[in-house]
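Following: one structure in structure tokens, then a few remarks.
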Amino acid sequence: MESGGAYVELSYMSPVHGRVRRPMLDCVTSRFEHVAPVRPFRWSRGERHFPGWYWAATTGQHVGFESWLERDRLVLMDFDPAVVGIGSQPFWLHWHDGERERRHAPDYFVRRADGSAVVVDVRAEDRIAPQDAEAFAVTRLACVQAGWEFERVGVPEPVLLANVRWLSRYRHPRCLRCPAADRLLEVFAEPGLLLAGADAAGDRLATLPSLFHLLWRRDLVAAGLEEELLGPRTVVGLPGGGTE
């Protein structure tokens with residue numbers, strides 16, 4: 001595929017054929033949220049980045065990351081109700097820059113609930129070298145022609161990130177206890193203070209894990225997640241109840 005003067009191909013790990021390389025326009029219907037990463041997530045002594053695996057509640061699978069910033073972005077994607085699939089390092093993009101062949105592996109391929117796809121690169125503004133900027137530009141143009149969106153995202157808003165990180169500790173379904181959850185939904189049918197509502201629903205040691213899980217799932221919503229840290233006086237209510 002021609003993208004900004006560059007012919008672009010993809011190489012990826014097919015579950016049937018192993019590693020394959022094809023023109024990008026032949027791959028637009030592929031489910032890249034399910035493919036294996038094209039490169040491993042390894043850490044060696046002395047390296048400054050911190051790769052690892054994050055268990056995503058969205059998919060019930062582990063998703064790789066290569067830095068704390070990528071991990072933070074993964075947490076936010078996992079919290080986004082519009083996201084239904086996430087694949088890390090899904091493919092290599094190959095193109096020729098006029099002097100040599102180049103390649104770039106975007107950080108994530110995201111599938112939304114409406115079926116649309118987003119290719120995501122994670123890089124802080126102050127860490128974008130000229131060759132990175134070129135790779136992002138080629139990726140963006142290629143995605144436009146493929147009918148995908150492209151996002152280059154950087155450092156998240158700190159208060160929102162801190163709140164979502166906290167809620168992510170309770171993302172696993174084991175945190176949900178149905179009697180407590182049912183009572184919490186009744187209590188917060190009218191918006192109220194977080195800790196007072198947890199106490200009204202029962203023993204807070206039993207209700208708080210379920211409350212945080214319901215907030216993670218967006219069955220309940222907390223006011224001001226981007227403005228202030230979650231606390232006893234955070235207002236909690238049902239979606240659409242005026243607390244967003």
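The values are calculated or read from the model by the stated rules, or taken from the named source; none is laboratory data. Keep in mind the model is a prediction, meaning the values are calculated, not measured. A quick note on method: Cβ atoms are made from the backbone with ideal geometry, for glycine too, and the neighbour counts reach across all protein chains shown. Protein only, heavy atoms only, side chains kept; ligands, DNA and RNA dropped before computing areas. Shrake-Rupley method; radii C 1.70, N 1.55, O 1.52, S 1.80 Å.
Ranking H104, H172 by solvent-accessible area of protein heavy atoms (1.4 Å probe, all protein chains present), from largest to smallest, gives H172, H104.
Placing M24, M13 in order of accessible area, with the largest value first and a 1.4 Å probe, yields M13, M24.
In loop segments of segment 6-106 as defined by DSSP, the chymotrypsin sites (Phe, Trp or Tyr not before Pro) with at most 11 further C-beta atoms inside 10 Å of their C-beta are W43. If you sort E226, E157 by accessible surface, 1.4 Å probe, largest first, the order is E226, E157. Take the chain with all the other protein chains still there, run a 1.4 Å probe, and you get 52 Å² of accessible area per residue.
Charge tally for E70 (other residues, Cβ to Cβ under 11 Å; Lys, Arg +1; Asp, Glu -1): -1. For the chain, there are no membrane-span-like helices by this rule, meaning no whole DSSP H stretch whose C-alpha atoms cover at least 27 Å of axis and whose Kyte-Doolittle mean is -0.5 or above; this says nothing about an actual membrane. With contacts taken as Cα pairs under 8 Å at a separation of at least 6 residues, segment 102-244 carries a relative contact order of 21 percent.
A cut-off of 5 Å between modelled amide H atoms, ignoring neighbours fewer than 5 places along the same chain, links I86 with R111. For the chain, the carbon plus sulfur part of the accessible surface works out to 52%, probe radius 1.4 Å. Loop-located GluC sites (Glu not before Pro) across segment 38-136 with a Cβ neighbour count of 15 or fewer within 10 Å are E47, E99, with loop assigned by DSSP.
For L225, no residue whose modelled amide H falls within less than 5 Å of its own remains once neighbours fewer than 5 places apart on the same chain are excluded. When the chain is treated as a Gaussian network with alpha carbon springs shorter than 10 Å, the biggest mean-square fluctuation among G87, G60, G18 belongs to G18.
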